[in-house]
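Encoded as C-alpha cells, the structure appears first; notes follow it.
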Amino acid sequence: MNIPGSDVYLNGEWLPRGEARVSAFDRGFIFGDGIYEVIPVYNRKPFLMDRHLERMVDNLAKVKIPDPHGGVEGWAKLVQALVDRQAFENQKLYIQITRGAAPRLHSFPDKAEPTVFMFTDEMMILSDERAKEGFKGVTMPDFRWLRGDIKSISLLAAVLGSEHARQHDATELIFIREGIVTEGASSNVLICKDGQLSSPVTDRRILPGVTVSLAEEVAAKVGMPVEHRDIAEGELRAADEVMITSSGKEIVAIVSLDGKPVGDGKSGPAFAKLWDGYREASGVRG
Ligand SMILES: Cc1ncc(COP(=O)(O)O)c(C=O)c1O
C-alpha cells in the first residue's frame, strides 16, 4: 500500500511507509501488548525529550519489555536521527515498542525480540488567533482500565471516546470516573476557577503528561500555581476555564462542554498566560 509521508524506522531499518511490515503474530497486533510515546519537535529539536524518553523507559519497565536501546541516551540518538531525515521543521514524532512476534499465548514468550517502530509527521502550529477562539469538548463516563499511567498501545477506549467527540464536532473527550474528572481521551485536563488552576491527582488513573508538567511550570512562574486534587464533575461544568494539554494538541481552551458554554464561552486569561508561556518555551509561533 502506498502511504504518503516520510521514511519510517522499523527494527534497525529506514523504510518507505508502504514497505514497513511486521509479523501478523506481533503481540502488538494480537494483544495490544506494547507501549508508545509521542514527542513534539520544534525547529528540528525534540521538545522536552528527556521527560518523554524517561517516561517511555519507565513504561517499558512497568510492562516488563526489555529496553532494546538501553535507556534514554540510546533512544535520544535514534530520535535525533529520525528528525534529521525529515523535511519538516516542526514534527510529531511517534515511537512504538511491542513485546515482539511469538506464538499466541497471553503470558510472556520465552523468546521474543521487541519490535521498534518510529515515524514522524508534520506538526501544524495553530495561530494565536485560532487558539484563542477555543474548541468544543464533550464528556463521557471513564470506562477504561485502571492503569492509565501506562501509555499502552491498547487504545480502543481512546478511539471510541475520540470518535464520540468527532461525532459531536468536538476536539476532545473528557472522561469522568464516578463523578471525578480523570483526563481527556488523549490529553490531561486543567480547570481554572476564581484564578485558581487545578488538575486531577496524578495517580494510576491517568497519564503523567509532559505537556501539563510544562504548563504547571509556566503557571508557577506567572504566580498561578496549579493544585492537584480530585475535581468533581460539577466543578468542571462550573469552571471559568477548562483546558486540555497534550504533546500533539499543545494547550487547548475548551470553550464549550457538552453543548454548554464554559464560563463566558470564550478562552480566558489563564489560558492566554499558559499559551504564551508554552509558545515561548517551544520557540515557535503560528
Ligand atoms: C490518555 C492521555 N493522557 C494525557 C496525555 C498527554 O500527555 P503528553 O502531554 O505527555 O503528551 C496523552 C497524550 O497522548 C494521553 O493519551
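The values are calculated or read from the model by the stated rules, or taken from the named source; none is laboratory data. These numbers come from a predicted model, not from an experiment. Ideal geometry is used to build each Cβ from the backbone, glycine not excepted, and the neighbour counts take in all protein chains shown. To get the accessible areas, we keep the full protein, side chains included, count just its heavy atoms, and leave off ligands, DNA and RNA. Shrake-Rupley method; radii C 1.70, N 1.55, O 1.52, S 1.80 Å.
Just checking, which of A220, A215 is out of contact with any Phe, Trp or Tyr (no Cβ under 6 Å at 6 or more places or on another chain), touching a residue at least 60 places away in the same chain (Cβ under 8 Å) and part of a helix (DSSP H, G or I)?
On the way: A220 fails: touching a residue at least 60 places away in the same chain (Cβ under 8 Å).
After ruling out the rest, the residue left standing is A215.
Mind checking whether some residue in region 148-163 is within 13 Å of the ligand (Cβ to nearest atom), buried (at least 23 other Cβ atoms within 10 Å of the Cβ), at pLDDT 95 or above and over 16 Å from P208 (Cβ atoms)?
yes
Out of all the residues in region 266-275, which are touching a residue at least 40 places away in the same chain (Cβ under 8 Å) and either open to solvent by 10 Å² or more (accessible area, probe 1.4 Å) or farther than 22 Å from G137 by Cα (or both)? Give the steps one after another, and end with the answer.
So in region 266-275, the residues touching a residue at least 40 places away in the same chain (Cβ under 8 Å) come out as 266-268, 270-275.
Result: K266, S267, G268, A272, K273.
Given the criteria open to solvent by less than 30 Å² (accessible area, probe 1.4 Å), away from the ligand (no atom under 13 Å from the Cβ), closer than 17 Å to A272 by Cβ and of a type in the set (D, E), does E250 qualify?
Working: open to solvent by less than 30 Å² (accessible area, probe 1.4 Å): yes; away from the ligand (no atom under 13 Å from the Cβ): no; closer than 17 Å to A272 by Cβ: yes; of a type in the set (D, E): yes.
Against the criterion (open to solvent by less than 30 Å² (accessible area, probe 1.4 Å), away from the ligand (no atom under 13 Å from the Cβ), closer than 17 Å to A272 by Cβ and of a type in the set (D, E)), E250 does not qualify.
Keeping to region 11-24, report how many residues are touching a residue at least 12 places away in the same chain (Cβ under 8 Å) and either of a type in the set (D, E, K, R) or surrounded by 14 or more Cβ atoms within 10 Å (Cβ to Cβ) (or both).
5
Looking at (1) part of a strand (DSSP E or B); (2) modelled with pLDDT under 95, can you tell me which one A112 breaks?
(1)
Could you list, ordered by first residue, the pairs with Cβ atoms under 6 Å in which the first is in region 232-247 and open to solvent by 40 Å² or more (accessible area, probe 1.4 Å) and the second is within 16 Å of the ligand (Cβ to nearest atom) and at pLDDT 95 or above, at least 6 apart or interchain?
E233/I176
If you go through region 58-75 one residue at a time, do you hit one that is open to solvent by less than 20 Å² (accessible area, probe 1.4 Å) and either hydroxyl-bearing (S, T, Y) or closer than 16 Å to F119 by Cα (or both)? Let's see the steps before the verdict.
Our first condition is that a residue be open to solvent by less than 20 Å² (accessible area, probe 1.4 Å); within region 58-75, this holds for 59-60, 65, 71, 75.
If we keep only those that are either hydroxyl-bearing (S, T, Y) or closer than 16 Å to F119 by Cα (or both) too, we end up with 75.
For region 58-75, residues open to solvent by less than 20 Å² (accessible area, probe 1.4 Å) and either hydroxyl-bearing (S, T, Y) or closer than 16 Å to F119 by Cα (or both): present.
Run down R205, R166, R279 and say which single residue is closer than 27 Å to H52 by Cβ, open to solvent by less than 30 Å² (accessible area, probe 1.4 Å) and either more than 13 Å from the ligand (Cβ to nearest atom) or within 16 Å of the chain's Cα centre (by Cα) (or both). Step through it out loud before you land on a result.
Values: R205 fails: open to solvent by less than 30 Å² (accessible area, probe 1.4 Å); R166 fails: open to solvent by less than 30 Å² (accessible area, probe 1.4 Å).
So the residue among R205, R166, R279 that is closer than 27 Å to H52 by Cβ, open to solvent by less than 30 Å² (accessible area, probe 1.4 Å) and either more than 13 Å from the ligand (Cβ to nearest atom) or within 16 Å of the chain's Cα centre (by Cα) (or both) is R279.
What are the pairs, 6+ residues apart or on separate chains, where a residue within region 45-62 that is farther than 17 Å from T211 by Cβ has its Cβ under 7 Å from a residue that is within 13 Å of the ligand (Cβ to nearest atom)?
L60/I35; K62/I150
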